[in-house]
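Taking it in order: structure first as structure tokens, then the write-up.
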Amino acid sequence: MINIVAKLISILNSETEPGQISLAFCLSMVIGFTPVFCPHNLLVLLLVLFLRANLSAFLFGWAVFSAIAYLLDPLFHAIGYKALTAQPLHGLWTSCYNMTLWRLENFNNSIVMGSLIVSLTLFIPLYFIFNVLIKKYRGQLLEWVRKTKVMGMLKASKLYIAYKALAG
Amino acid sequence: MKKWIRWQGLIAFIGIVVALSVFFIVFADGIAKMAIKKTGTMVVGAVVDLDDVDLALFPLGLKLKGLRVTNPDEPMKNAFEIMRADLSLNASNLLWRKILINKMAVDGVKFNTPRKKSGAIKVSKKSRAQEKSKQEELKKRKLPSFDVKDVKTILKKETLLTIEEANKLQNDIEQQKKFFEKQLKELPDENKFEGYENQIKKLKKVSGFQEVLTAAKEIKTLKKDIEKDINQLKNTRTNLNTTVNMLQSRLKKLPQYPMEDFRRINSKYSLSPQGMGNLTHLIFGPTYAKWVENGLVWYHKIAPIVEKGRKSDEKQEGVEPVRGKGVNVHFEEYEPLPELLIKHTSVSFEVPAGDFSGTIKNITNNQRIVGAPTTCEFDGKKLKGVDLVKITGNFNHVSPDTSKDTIGATVRGFKVEGLSISDSEEFPLILEKALANLNLDAVIKGNAVDSKMEFILSSVQFPEPKEDSSIVIRSIRNALSAVTDCSITADIKGTLDKQDIKIESDIDDRLKKAISQTVMKQTEEFKAKLIKEINGSTHAQVSALKGSIAGLDSIDQKLQDRLQLGNQLTRN
């Protein structure tokens, strides 16, 4: 646990572009929320590796979003089921159902569909929110955090040693 | 732009994809083996073992070796075992999660083979309770006793109505006794009446006009009090008499109970030639019922898979999903295909009599889409100890709501040796030798079952009766040992959940005739012993009750004495 928190602090305090960290978090949300063996996750993996998203942030986010996904499972089912049984979309789903790619994607499963809808809907807003949060943290919070007594105690603790080791 | 692109990431991605593909190719056999075992175990409800799987990718095919399916009811036995199964799969349809197999060959099928390890899986409390009730149901179908039980043993097990009623009566008498004794203590007694007498005497002695007038008034008041006390005593006595009468009438009824006890116990334990009219059903019934039950257990396991095309299955409103699995919503397919279709399966069985083979056509989970029923045909001609075996089946669920399954079997010249007909502890029966012909016609239409099975036995040999058997069993065995040929028909009618089995045979009359005299004699003896024992057990208790009721008379006597005292006072 200490290592994970240290890793997060290390990522946030590094020189990495906020956009790269935000993108990694958003992509990790897609892979974390949706069932891992869905073909679209190959695309996510390709984007993570190709688009210079921060890999540490991606792995950290994947772990966090997978845990959240377990809690949101009933919500994903409800949203997915509603979407799949919505009459206006019936024609679209029927066409997809008759295409090999979509059948492989298992789109007709309520959880696959629900988690995909949620993660894609949140993708862009979360990207900007994470960006703003990281910039705010670095601009205002980082200096203040460094000066606090708690940080002083932390510097002497195992957590800081772990952070230092990771930060190199 | 350059800041956002990581070209080496593309190489890493290709590396990961290649590694995953290699992993799948290397471990494909293991993955397939695990999937088959897991799915099989889930469907059967007992362990499914598989020795080896060979998955070929080009062209896509699967070879299974040593598939063993545990019998859920007997975990130390395999329901069946398949030595080899070879099938080729349609790869493009697999991407659509459809298993389409044109030809499958299944060799070396064996039934009821022993297992080294138990194949039982952990069952839920609910299914354990269901299993228990099933076992109890089977126990109920056990053969009735052919022996006349020891009367004393029966009476130890049975609760006699006579004793029960006598105990109740005794209890009521004790309670009433306590009640009236308590009342007696509260009611005016000799001392109170003596007090009245003394007061009256004192008042009578006064002189002077005014005093006499006051005394007369007080005497009048005293008289009223005495009359009130007398009334109280009278009421209590009336209540006591009513209670005693009621208890006595119950006591009078008590001698009727031994007869009721006798009738009940007699009908439960004694033998009657009428009750044994259909001996064939009693002897063959439980074994046949077990066969039917086993058959239906497997039918119930397979039916839900075959019936998947039912229209009601398509409605998925309100489906509660398994956590993390969700629900699959199905849409119309432009070119519909079932999830599973094995067009042609050739099967060869290994039975003790030799090899037995046949074909199964259109094994599918959705006959509505295939548009054809699942059919099977098996025959064995060069078998040891049997001239001909032919089994046909047609499982038509093309229109699932009006499904019809038919099974037919013909066996000719089957040399029976040492066939256990009844494994009842009291009447184990083995058919030592016989030559059997069998015809079976079974139809399951929707939920209704209608089946007729006919056994024609010739050159029959039953074992000689043993000396240690009871006289009734010896009579049945004697009669059976004289049988050389017979025919037995078994009819099943009802639903898949509840069936009536009717078994008849031309040996019924012969058996009935053979045992009726013996049974009559045994029954008479049993009756006499039973009446004697019941009367013996209840006589002492009835006498004790009479004594207890007499105890209430002493209370009545005391009440009478007090009343007399009161009456004397009012008279004077």
| Identify, please: which residue in region B:354-371 is of a type in the set (S, T, N, Q) and more than 16 Å from residue B:399 (Cβ to Cβ) and is, among those, modelled with the highest pLDDT? | B:359
| message | Looking only at residues that are more than 9 Å from chain B (Cβ to nearest Cβ) and not charged (D, E, K, R) in region A:102-111, which one is surrounded by the most Cβ atoms within 10 Å (Cβ to Cβ)? | response | A:107
| task | Determine which single condition residue B:325 fails, assuming it passes every other condition in (1) within 14 Å of chain A (Cβ to nearest Cβ); (2) modelled with pLDDT of 85 or more; (3) in contact with a strand residue (DSSP E or B) (Cβ under 9 Å, 6 or more places away or on another chain). | result | (2)
| message | Regarding region B:77-86, can at least one residue be identified that is surrounded by fewer than 17 Cβ atoms within 10 Å (Cβ to Cβ), within 14 Å of chain A (Cβ to nearest Cβ) and either farther than 30 Å from residue B:331 by Cα or of a type in the set (A, V, I, L, M) (or both)? | response | no
| field | Lone qualifier among A:58, A:50, A:33, A:25 - being surrounded by 16 or more Cβ atoms within 10 Å (Cβ to Cβ), in contact (Cβ under 8 Å) with a residue 40 or more places away in the chain and within 13 Å of chain B (Cβ to nearest Cβ) | value | A:33
| query | Applying the selection to region A:75-89, what residues are surrounded by 13 or more Cβ atoms within 10 Å (Cβ to Cβ), free of Cβ contacts under 8 Å to residues at least 24 places away in the same chain and either facing chain B (nearest Cβ under 9 Å) or of a type in the set (Gly, Ala, Ser) (or both)? | reply | A:85
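Yes/no matrix, rows are residues, columns are (1) of a type in the set (S, T, N, Q); (2) modelled with pLDDT of 90 or more; (3) touching a strand residue (DSSP E or B) at 6+ places or on another chain (Cβ under 6 Å); (4) crowded, with 16+ Cβ neighbours inside 10 Å:
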| position | (1), (2), (3), (4) |
| --- | --- |
| B:437 | yes, yes, yes, yes |
| B:443 | no, yes, yes, no |
| B:460 | no, no, yes, yes |
| B:474 | no, no, no, yes |
| task | Would you mind finding the one in B:550, B:544 that is without any contact (Cβ under 8 Å) to a residue 60 or more places away in the chain and farther than 30 Å from residue B:443 by Cα? | result | B:550
| note | Only one of (1) at pLDDT below 80; (2) surrounded by 13 or more Cβ atoms within 10 Å (Cβ to Cβ); (3) of a type in the set (A, V, I, L, M, F, W, C) does not apply to residue B:555, and that is (1)
| task | Report yes if residue A:114 is assigned to a helix (DSSP H, G or I) and within 8 Å of another protein chain (Cβ to nearest Cβ), otherwise no. | result | yes
| task | Hand me the list of helices (runs of 4 or more DSSP H) wholly inside region A:3-84 holding 1 or more residues that are more than 15 Å from the chain's Cα centre (by Cα). | result | A:40-50, A:55-84
| said: Any residue at all in region B:6-14 that's within 14 Å of chain A (Cβ to nearest Cβ), surrounded by 13 or more Cβ atoms within 10 Å (Cβ to Cβ) and not in a helix (DSSP H, G or I)? | reply: yes
| message | Condition first: farther than 24 Å from residue B:528 by Cα, assigned to a helix (DSSP H, G or I) and of a type in the set (Asp, Glu). Can you find one or more residues in region B:255-270 that meet it? | response | no
| request: Evaluate region A:137-156: report whether one residue or more is part of a helix (DSSP H, G or I), surrounded by 12 or more Cβ atoms within 10 Å (Cβ to Cβ) and either at the interface with chain B (Cβ under 9 Å from one of its Cβ atoms) or within 16 Å of the chain's Cα centre (by Cα) (or both). | output: no
| query | Of the residues that sit in region B:89-111 and are within 19 Å of residue B:51 (Cα to Cα) and not hydrophobic (A, V, I, L, M, F, W, C), which one is nearest to the other protein chains (Cβ to nearest Cβ)? | reply | B:107
| query | Can we say residue A:98 is in contact with a strand residue (DSSP E or B) (Cβ under 7 Å, 6 or more places away or on another chain), at the interface with chain B (Cβ under 8 Å from one of its Cβ atoms) and at pLDDT below 95? | reply | no
| Flag for residue B:382 being exposed (fewer than 14 other Cβ atoms within 10 Å of the Cβ) and either within 14 Å of chain A (Cβ to nearest Cβ) or at pLDDT below 90 (or both) | yes
| Are there any pairs with C-beta distances below 9 angstrom linking a residue in region B:491-509 that is touching a residue at least 24 places away in the same chain (Cβ under 8 Å) and farther than 17 Å from residue B:297 by Cα to a residue that is among the hydroxyl-bearing types (Ser, Thr, Tyr) and not in a strand (DSSP E or B), with the two at least 6 apart or on different chains, and if so which? | B:503/B:280; B:503/B:288; B:504/B:280; B:505/B:280; B:507/B:280; B:508/B:280
| Residues in region B:345-368: is at least one in contact with a helix residue (DSSP H, G or I) (Cβ under 8 Å, 6 or more places away or on another chain), away from chain A (no Cβ under 14 Å) and on the phi > 0 side of the Ramachandran plot? | yes
| Among B:551, B:547, B:536, which is outside the structural domain of residue B:299 (by TED's automatic domain parsing), touching a Lys or Arg at 6+ places or on another chain (Cβ under 9 Å) and not acidic (Asp, Glu)? | B:551
| task | Please work out if residue B:491 is among the charged types (D, E, K, R) and within 29 Å of the chain's Cα centre (by Cα). | result | yes
| task | With respect to residue B:30, determine if the residue is within 30 Å of residue A:44 (Cα to Cα) and facing chain A (nearest Cβ under 10 Å). | result | no
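The values are calculated or read from the model by the stated rules, or taken from the named source; none is laboratory data. Note that the structure is a prediction, hence the values are computed from the model and not measured. Note that we place each Cβ from the backbone using ideal geometry, even for glycine, and neighbour counts take in every protein chain shown.
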